[in-house]
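Structure, as structure tokens:
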Amino acid sequence: MTRQDESLPMLLSVVVPCYNEESVIPMTYRALSDELSALVSDGEDYEMIFVNDGSKDGTLSQLKSFAQNDTHLKYISFSRNFGKESAMLAGLRYATGQYTAIMDADLQHPPELLAQMLREARKGYDQVIAQRDRTGDKALSSFFARMYYRLVDRLTDVVLTDGIGDFRLLSRKALNALLSMNEYNRFSKGLFSWIGFKETVITYRNRQRAAGETKWNFRSLLRYGVDGVLSFNDKPLRFCLYLGAAAIVVSGLYLCSLLLSILFDGIDLPGYFTTIFAICFFGGVQLVSVGIIGEYVGRIYYEVKRRPHYLVDETNLPINPPPSTK
Ligand code: UDP
Ligand code: MG
């Protein structure tokens, strides 16, 4: 049984979002607590903050039973599934460590890497990022992922890199910066890149999930992909503007040529194809543009409501997150 001494300085907090992870939680908890207890020296403390994102399985009861015997384990349980972004945010708000790491619950982010990440952070890096290679991934999905990163890089102001996800260690400075951004639509990959600070990347071999299954499907990936592009700038809106301007120029030229041909050759009726084409094409362009504007308006709608990112149902932490610790 591990007891936590309140007076010890908190060196490291690890935030773990969990959604229906009952088959892997015991493994993750053991691996993480073995790693962390070996990592911190005598005068220091660590904490594991598991965020139960509205799981419908036994995740919460497992967390509670581990927490009974281990005061290093903190859990926050949401009233329903709010998504990984919200789960990470909750954990980060409660983290009191000098350094804070985020990792997945399925052991795809190996806890063994934390020691190396901490060493790097102590050299003065504010963000130590763990980048995975794509060993063992399906060829098709890694192809799409690569294309997506390339596209997002083009379309947005933030830099995203293939293989870089949420597995990282943050200094208190970087964490406070991250928490100062209170937007409702959170796209962490973009936020991490937006805050800047000194960062370094370490690479590791990709692993498959230890147990359980992925929470992503085609629809959620598509939604996430659109979020990535739209959360960070207004370039898509500008794209609509350019597209509209180009359409005006092209149709102007076409009109001139029509006018000339009418002047010289007289009125010639055939033109069914071009008319239908123009109606369909410009109809499509307009719908897409309105759709893009709609996406932004929808986001503004959620931002202005200022709803909380999540609702906590149960936790063994104080209800209010600590004021950020320096
Ligand atoms: N997750 C979460 N809420 C969700 C979906 C996922 O907290 O709504 C957690 C999940 O439990 C895991 C992490 O986010 O710890 C990554 O999920 P997953 O392994 O399904 O994603 P993948 O590794 O396949 O990208
Ligand atoms: Mg996973």
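We did not get these values from a lab; they are worked out from the coordinates using the rules stated. Since the model is a prediction, treat every value here as computed from it, not as a measurement. We place every Cβ from the backbone using ideal geometry, glycine too, and count neighbours over all the protein chains shown.
Summary of packing: across the peptides 82-93, 229-240, the per-residue average of other C-beta atoms within 10 Å ranks them, highest first, as 82-93, 229-240.
Calculated mean residue ellipticity at 222 nm for the chain: -16000 deg cm²/dmol, from DSSP H runs with n ≥ 4 weighted as -39500 (n - 2.57), summed, divided by the residue count and rounded to 500. With each label modelled as a point 7 angstrom along the Cα→C-beta vector, the residue 122-residue 217 pair spans 4.6 nm.
The average projected area of the chain, computed from the convex hull of its Cα atoms over all directions, is 20.7 nm². Straight-line cross-link reach from residue 64 at under 25 Å between alpha-carbon atoms covers these lysines, not counting any fewer than eight positions away in the same chain: 56, 74, 84, 215. Close amide H partners of residue 313, meaning residues 5 or more places away or on another chain with modelled amide H under 5 Å apart, are 77, 78, 79. Between the beta carbons of residue 65 and residue 273, assuming R0 = 56 Å, the FRET efficiency works out to 0.20 to the nearest 0.05. In Å, the Kirkwood hydrodynamic radius of region 146-251 over pairs of distinct alpha carbons? In region 146-251 this quantity evaluates to 16.4 Å. Bridgeable aspartates and glutamates around residue 305 (alpha carbons under 15 Å apart, same-chain partners fewer than 8 residues away excluded): 183.
Between residue 300 and residue 202, the simple label model (points 7 Å from Cα in the Cβ direction) yields a spacing of 4.5 nm. Distance between the C-alpha centres of region 234-272 and region 129-174: 41 Å, rounded to the whole angstrom.
Which lysines, if any, have their Cα less than 21 Å from the Cα of residue 173, not counting same-chain residues under 8 positions apart? Correct list for residue 173: 123, 189, 198, 326.
Kirkwood Rh, Cα Rg: Rg to Rh for region 29-132?
On the way: Rg = 14.0 Å, Rh = 14.7 Å.
For region 29-132, the value is 0.95.
Working from Cα pairs under 8 Å separated by at least six residues, relative contact order for the chain is 22 percent. Residues of region 184-199 with backbone nitrogen within less than 17 Å of a virtual label 7 Å along the Cα-to-Cβ line of residue 237, please, listed as ranges. It comes to 184-185, nothing else. Take every DSSP beta bridge whose two residues both sit in the chain; close to 30 percent of them are antiparallel. Modelled this way, with points 7 Å down the Cα-to-C-beta line, the labels at residue 31 and residue 154 are 3.7 nm from one another.
Loop-located trypsin sites (Lys or Arg not before Pro) across region 264-312 with a Cβ neighbour count of 11 or fewer within 10 Å are 306, with loop assigned by DSSP. Compared with the direct C-alpha span, the chain from residue 79 to residue 255 gains 57.4 nm at full extension, assuming 0.36 nm per residue.
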